[in-house]
Amino acid sequence: LGVKTFPIVSIMGFILGFVLALQSYPVMERFGATDFLPSTVALSVVRELGPVLTAIIFAGRVSSGIGAELSSMRVTEQIDAMEVSAVNPFKYLVVTRVISTTMILPILSIYVIFIALIGGFIAITLSEPMNMIYYTSSIIDSLTFGDLIPGLSKTFFFGYIVGIVGSYKGYTADGGTEGVGRASTTAVVMSSLLILISDMVLVKITVWIWPSVG
């Protein structure tokens, strides 16, 4: 679930940091604040864009895969065969996938943040010369635990959502092969929507717990 997602999130992370820095540069230059560009990119990626976009990409690939896999097992009666064999299919098929998605998404988010910061540095150096040491020190000085912990903590919730929605849609699928496609599609839509809604709620909770983040 995680290893095969690395290529697509690598591309997404690099483009995220590159485009964010490239689009922010003219605005910062207008106000003579280009020195704050590294911290702006870092805060945007760490607090919000990195975890949320990674979760949505993860949902598009993983939630649909889980939904399609489990729905195929359901319509071909493989799950029924497991129940007849005295094997708990819920524990064997659902719990393992939910734990996997919950644990792997934070790791992917950290990786995407790192790649996005590299992309941001490349974009900035294309606009004006900037030392790598200055770029790194600016990011370190601007970030605090109030930025890192809330941003990464919510990825556990996002991972849980991806796993539970994909598993539920696949586990309860019906209608033959048509049900497989329907389960896969609805798993992606529902998990992406729930990620955005939960992010809105978690941001409000984060601002309440860590007022300095707001």
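The values are calculated or read from the model by the stated rules, or taken from the named source; none is laboratory data. Remember, it's a predicted structure, so these values are computed and weren't measured experimentally. With ideal geometry, Cβ positions are generated from the backbone for all residues, glycine too; neighbour counts draw on all protein chains shown. Just so you know, the surface numbers come from the protein's heavy atoms only, side chains and all, with ligands and any DNA or RNA stripped out. Shrake-Rupley method; radii C 1.70, N 1.55, O 1.52, S 1.80 Å.
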Of VAL27, VAL95, VAL62, the one that fluctuates the most in a GNM where the chain has Cα springs shorter than 10 Å: VAL27
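With every protein chain present, what is the per residue accessible area of the chain (1.4 Å probe, Å²)?
On the way: 11000 Å² over 214 residues.
Using a 1.4 Å probe on heavy atoms only, each residue of the chain averages 51 Å².
How much length, in nm to one decimal, is gained on full extension between ALA33 and THR125, taken as 0.36 nm per residue of separation minus their Cα-Cα distance? Mind dumping the intermediate values first?
Values: separation 92, 0.36 × 92 = 33.12 nm, distance 1.55 nm.
That pair, ALA33 and THR125, stretches by 31.6 nm at full extension.
Dipole magnitude of the chain about its Cα centre, charges +1 at Lys/Arg Cβ and -1 at Asp/Glu Cβ only, in debye to the nearest 20?
About 200 debye.
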Residue with peak Gaussian network fluctuation, the chain [Cα springs, cutoff 10 Å], from TYR171, TYR92, TYR111: TYR92
Protein-only accessible surface order, largest first, of SER85, SER44 at 1.4 Å: SER85, SER44
Rounded percent of accessible protein surface that carbon and sulfur make up, the chain, 1.4 Å probe: 72 percent
Answer label, with Kirkwood radius over Cα pairs in Å calculated from the coordinates and candidates (i) 18.6; (ii) 16.5; (iii) 17.1: (i)
Partners for LYS154 among aspartates and glutamates (Cα-Cα distance below 14 Å; same-chain residues under 8 apart left out): GLU48, ASP199
Those residues of region 4-37 whose amide nitrogen sits under 17 Å from the label point placed on THR136, 7 Å along Cα→Cβ: none
In degrees, nearest ten, helix 145-171 long axis to first principal axis of the chain (Cα): 20 degrees
